[in-house]
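Worksheet for the structure shown next.
Taken together, the values in this text are just the output of simple stated rules run on the coordinates, not laboratory data. Values in this document were obtained by computation on a predicted structure and should not be read as measured data. Glycine also receives a Cβ, built like all others from the backbone with ideal geometry; neighbour counts cover every protein chain displayed.
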Amino acid sequence: MRHLTEIRWHGRGGQGAKTAALLLADVAFGIGKHVQGFPEYGPERMGAPVTAYDRISDSEIRVHSNIYEPDFVAVVDDTLLHSVDVTAGLKKDGAILINTEMKKEEILPLLKGFEGAVFIIDARRVCMETLGKYFPNMPMLAALVRISRVMERDVFFREMESSLKHKFAKKPEVLEGNMQALYKAFEAVELVSRPAGRVSSMPSKDRGYRYTASLQSGQLARAAGMHA
Amino acid sequence: MAVRKSLSGNEAVAYAMKQINPDVMPAFPITPSTELPQFVSSYIANGEMDTEFIPVESEHSAMSAAIGAEAAGARTMTATSSAGLALMWEMLYVAASNRLPIALALVNRALSGPLNINCEHSDSMGARDSGWIQIYAEDNQEAYDNFIQAYRIAEHKDVMLPIMICQDGFIISHGVSNIELLEDETVKAFVGAYHPKHYLLNADEPMAVGPYAVSCYGMEAKRAQAQGMMHAKQVILDVAEEFEKISGRKYGFYEGYQLEDAEYAIVAIGSACGTTKDAVDELRKAGKRVGLLKVRVFRPFPGKELADALKGCKAIAVMDRCESFSANGGPLAAELSAALFQAKSQAEVIKIVYGLNGRDYTVTEAKQLFADLEEIAANGRQETEEYRYIGLRE
């Protein structure tokens, strides 16, 4: 069975959605996966909506189109929820991750009745407590790895540490803050809505890393290692 | 030992440039090829290359400087996209007619208008008659491999023509994926040193480059240039064979994917081929005899070989990622149709325009196209269906 995980990132120009997508491709490559990480360029300007994509697979990836039915969606900026249809095509057995300071009650009505799992993280708080500056892509990356389980937690941290050591070879002082942001983000993800129970026609086996709607709601939370 | 990495198309080609380390690179930045001179400049600044980088004030100047450097006897490269290639136009012909084997890394992007930075083949296809060899890539691996082979083809004594190594803007140039790189020493040994037979800086052989030719000589010069392009066919195959020995990767004029017993074929260039392969696999599982012909070499145009590869097909869709405004389909469709006619093919051919200004091309569309071909083979083609668009919003 070929495992293919498809992820779509929504952000605004300058926030690092593209960087997060490329970083995820990079760490997944580091553990031996076939990967694609690519941006979709609209108008090239700060603040404009940006989309980026990841494909992570155990076998060669040849398709070169955008992703229309992602397994996971990551929204780096919650103001996009008003203008971009972020759940478009998102699989019902998939999940969405939103960076927001909003409460569950405020966020859910903005998702146009999306039936899958909804996770939130306050990446700003994580950033301010660890980096002292707002760079949401690091916490978002960790949170996405947690909910998508494209790799084991320890493997992810180990890969990120080695990658950041290399990247910041001339600025070793920033390594610690970035690693703390990743650790903290991993814990700060919150499950705020889960799929509405069993869908018996949906196979639960061989579905790769996806959440399947056939999991009972409690199992879903346990699968993600957290309680809603 | 090959090195496994994950790189974008631009990173991969820049890496090939570093490994080849040519003598001169004049360049002017333009999206989406800007990273190429950027990466090369970093390599030079870090002491990893000793190429003479010449920042120029326009692409016309970039090609002019490349012509000067190459004529002087230096191995020369440049990079550009879209309007940058258009601004080089006059000088592209000068480079080719003076038989200067410059390598140009082209990152395909739409020409205006509307102003757009995304992938289209209108830039290189517009330059198809300028006398440059053109080789296209499906992915980052092929863009890298093609660039490694470029100078061996262009500088061959029977060819002596400039070469354009093309990759799809953004889709490949900015998409990161797995790649296998060759060792530096392997690349250097394969490409070899450049020893031009005639060059301006040779004090023992004073010569003129690019003088006026009166009518009684000009036609012969063009005919000799055409001969170089004809010779390029064999050289491309020979170089590919040698490349396979160092890389294990096989190249030719084209790649046939599930084509041998195919009744319905899509013909395409570039990244669309990967997407089409996934569609072919899905349909093959359902028992459909479908296949892909990926055109790698467009100049010289291997018409006979392409027609031959398609000889078992009942219906063929030829896809152009550019509109040539001929009211009769794009350039690949036009040239391949002519080749199929010469080969006395009885196949139905439809001419498809797709992917303009970065419009996405999907597996679903490829599958629909195959279904259309099956329908056409069974029930005949309507006149209006011969030349059409896919992916267009109605």
Exercise. Amide H of A:ALA74: which non-local residues (sequence gap of 5 or more, or other chain) have their own amide H closer than 5 Å, using H built in the peptide plane?
Worked result: A:ARG8, A:TRP9, A:HIS10, A:LEU97
For this session: For segment B:3-247, give the magnitude of the charge dipole about the Cα centre (Cβ charges: +1 Lys/Arg, -1 Asp/Glu; no others), in debye to the nearest 20.
Result: 460 debye
Exercise. Residues with amide H under 5 Å of B:ALA27's amide H, sequence separation 5 or more or different chain, H placed in the peptide plane at 1.01 Å from N; which?
Worked result: B:ILE54, B:VAL56
Problem set entry | Net charge contributed by nearby residues that have their C-beta within less than 15 Å of B:GLU394 (K/R +1, D/E -1) | +2
For this session: Sequence neighbours fewer than 8 away in the same chain don't count; with that in mind, list the lysines whose C-alpha is under 27 Å from B:LYS311.
Result: B:LYS233, B:LYS250, B:LYS277, B:LYS285, B:LYS288, B:LYS294, B:LYS344, B:LYS351, B:LYS367
Exercise. Counting Lys and Arg as +1 and Asp and Glu as -1, what is the net charge of the other residues whose Cβ lies under 12 Å from the Cβ of B:LYS351?
Worked result: -4
For this session: Name the residues whose placed amide hydrogens come within less than 5 Å of the amide hydrogen of B:LEU259, ignoring near sequence neighbours (fewer than 5 apart) on the same chain.
Result: B:LEU292
Exercise. Which order results if A:TYR134, B:TYR136, B:TYR199 are arranged by neighbouring Cβ count within 10 Å, fewest first?
Worked result: A:TYR134, B:TYR199, B:TYR136
Exercise. Taking chain B on its own, what percent of its Cα-Cα pair distances exceed 34 Å?
Worked result: 27 percent
Exercise. Over the protein assembly as shown, what is the percentage of antiparallel beta bridges among all DSSP beta bridges, to the nearest 5?
Worked result: 40 percent
Exercise. What FRET efficiency comes out for the pair B:GLN38/B:GLU305, r = Cβ-Cβ distance, R0 = 30 Å, nearest 0.05?
Worked result: 0.20
Exercise. In whole Å, how far is the Cα centre of segment B:44-89 from that of segment A:1-61?
Worked result: 32 Å
Exercise. Quick one: if the Förster radius is 41 Å, what FRET efficiency do A:LYS92 and A:LYS171 give, using the C-beta to C-beta distance and rounding to 0.05?
Worked result: 0.40
Exercise. Which aspartates and glutamates have a Cα less than 17 Å from the Cα of A:LYS170, not counting those fewer than 8 places away in the same chain?
Worked result: A:GLU161
Exercise. Over the C-alpha atoms of segment A:4-223, what are the Rg and the largest Cα-to-Cα span, Dmax, in Å?
Worked result: 16.5, 54
Problem set entry | Per-residue [θ]222 nm for chain B (sum of -39500 (n - 2.57) over DSSP H runs n ≥ 4, rounded to 500) | -13500 deg cm²/dmol
Seminar exercise, completed: Taking 0.36 nm per residue of separation between B:GLU205 and B:GLU386 and subtracting their Cα-Cα distance, the length gained on full extension comes to 59.6 nm
Exercise. Which order do B:ASP123, B:ASP158 fall in if you start with the one that has the fewest other Cβ atoms within 10 Å?
Worked result: B:ASP158, B:ASP123
Seminar exercise, completed: To the nearest 20 debye, segment B:187-327 has a Cα-centred charge dipole, built from +1 on Lys and Arg Cβ and -1 on Asp and Glu Cβ, of 240 debye
